[in-house]
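*Asks:* I am attaching a structure below and will ask some questions about it afterwards.
The values are calculated or read from the model by the stated rules, or taken from the named source; none is laboratory data. Every value quoted in this text rests on a predicted model; they were computed, and no experiment measured them. Please note: Cβ atoms are built from the backbone with ideal geometry, for glycine as well, and neighbour counts cover all protein chains shown. To get the accessible areas, we keep the full protein, side chains included, count just its heavy atoms, and leave off ligands, DNA and RNA. Shrake-Rupley method; radii C 1.70, N 1.55, O 1.52, S 1.80 Å.
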Amino acid sequence: WSMTATLAPISGPIIGGWITEQLSWPWIFYINVPVGVLAASMIWLLYSERETPRQKVPVDVVGLALLAVWVAALQIMLDKGKELDWFASGEIIALACAAVVGFVLFLAWELLDNPHPIVDLHLLRNRDFWTGTATLSVGYAVFFGAIVVLPLWLQQYMGYTQIWAGMMMMPFGILALVFAPLIGRTLHVVDARLLASLGFLIFALVSFMRAGFNLQADWMTIALPMFIQGAANVMFFLPLTALALRSMTPERMPGATGLQNFLRYMGGAVGASLAITLWDDRAKLHRAHLAEHVVRGDPATERSLAQMQAQGFSPEQALGRIDHELDFQARMLSTIDLFWLSGVLFLALAVRVWLANPPRA
């Protein structure tokens, strides 16, 4: 369990070697447990005096069962799709059919005259709610897809260990911690659409900054967009949540928050699967295009082979080095493609949020 053996030096780390030597499982335990106890105590103090009246209502057993079936089938399909080559697999096709049939039956059941539905789909008639929730879900899908790909790229192609790749994510929380109370206090005086749109514009800026990465990027180049993204994260989550729920009556608030969180997490699951699939597919495409130029008789290829053989490599070893370099360059190009696409989608979401109703006095 010791993390010491997995921590290897990388180019230009600012964290001293002492942390590298001392960061082991007991230290993580001693740090995390008190922080968790403190967080739980603060939540208890905040909400223990705010208990609202409770009312016992019948459980929509049929709706709950249908929801569990299609969500489970969809989640397993998303998790196993890349591994089983998606719809080339009979198992994936069966899961997709189960998800579609279960979803259709679920919609039909929930749209009936049910006084206590497990999911109140009639909430989507509210313009603020469906605009805010849809924008939040799609934005979270794009955001989460990039967050999943970035550590994989750092570990597999930039030489970072799991710990150091995680540390490159740490700057994300700095501006989020600073901006969260500020955004919370200004939501009642500033248009939530404006705050959310600014958040998406910052996300787009961060994505385009990452689209300029290369295999020689140092730690500062990688950490700076993550630092800036902290501000965008708060300007994205809080205003859109407030926008979606601002016109909800108290009795509909629990159902609205539950549906919003459910759709957001589903968006994250779909976004992660699509991002990994797109990342791999674009890498294969770029590798095929690059390999077209690595042929005998090509001046650049012959020059590279001659240089490596002059350094003592055999012809087979030289070709292996070129093949290895093709993999890295193709993966770098696919990473750039993914971040460019993320930036464009964030720009579109910055416009889409204005479909919501203007704020009322």
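*Asks:* Tally up the residues in region 230-249 that are without any contact (Cβ under 8 Å) to a residue 12 or more places away in the chain and assigned to a helix (DSSP H, G or I), please.
*Replies:* 0
*Asks:* Pairs under 6 Å by beta carbon, first residue open to solvent by 50 Å² or more (accessible area, probe 1.4 Å) in region 198-225, partner of a type in the set (K, R), six or more apart or different chains?
*Replies:* none
*Asks:* Any chance region 305-314 includes a residue that's surrounded by fewer than 16 Cβ atoms within 10 Å (Cβ to Cβ), touching an Asp or Glu at 6+ places or on another chain (Cβ under 7 Å) and outside any helix (DSSP H, G or I)?
*Replies:* So far as region 305-314 goes, no, none of its residues is surrounded by fewer than 16 Cβ atoms within 10 Å (Cβ to Cβ), touching an Asp or Glu at 6+ places or on another chain (Cβ under 7 Å) and outside any helix (DSSP H, G or I).
*Asks:* Which residue pairs have Cβ atoms under 9 Å apart, sit 6 or more places apart or on different chains, and have a first residue in region 294-312 that is without any contact (Cβ under 8 Å) to a residue 60 or more places away in the chain and closer than 14 Å to L326 by Cα and a second that is of a type in the set (S, T, N, Q) and surrounded by 10 or more Cβ atoms within 10 Å (Cβ to Cβ)?
*Replies:* The qualifying pairs are V294/T301; V294/S304; V295/T301.
*Asks:* Would you please name the residue that is farthest from S334 (Cα to Cα), looking only at residues in region 260-300 that are of a type in the set (S, T, N, Q) and either in contact with a Cys (Cβ under 8 Å, 6 or more places away or on another chain) or surrounded by fewer than 16 Cβ atoms within 10 Å (Cβ to Cβ) (or both)?
*Replies:* Checking each candidate, the answer is N261.
*Asks:* Which one of these does A40 not meet: (1) part of a helix (DSSP H, G or I); (2) hydrophobic (A, V, I, L, M, F, W, C); (3) touching a residue at least 40 places away in the same chain (Cβ under 8 Å)?
*Replies:* Of everything listed in (1) part of a helix (DSSP H, G or I); (2) hydrophobic (A, V, I, L, M, F, W, C); (3) touching a residue at least 40 places away in the same chain (Cβ under 8 Å), A40 misses just condition (3).
*Asks:* Is there a residue being within 30 Å of V57 (Cβ to Cβ), part of a helix (DSSP H, G or I), open to solvent by less than 40 Å² (accessible area, probe 1.4 Å) and in contact (Cβ under 8 Å) with a residue 24 or more places away in the chain anywhere in region 140-154?
*Replies:* Within region 140-154, one or more residues are within 30 Å of V57 (Cβ to Cβ), part of a helix (DSSP H, G or I), open to solvent by less than 40 Å² (accessible area, probe 1.4 Å) and in contact (Cβ under 8 Å) with a residue 24 or more places away in the chain.
*Asks:* Now, a different point. For region 226-259, which residues satisfy the criterion of being charged (D, E, K, R) and either crowded, with 20+ Cβ neighbours inside 10 Å or more than 23 Å from L194 (Cα to Cα) (or both)?
*Replies:* Residues satisfying the conditions are E251, R252.
Here's the yes/no breakdown for (1) within 24 Å of L259 (Cα to Cα); (2) out of contact with any strand residue (DSSP E or B) (no Cβ under 9 Å at 6 or more places or on another chain); (3) not in a helix (DSSP H, G or I):
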| residue | (1), (2), (3) |
| --- | --- |
| I92 | no, yes, no |
| L112 | yes, yes, yes |
| D128 | yes, yes, no |
| L136 | yes, yes, no |
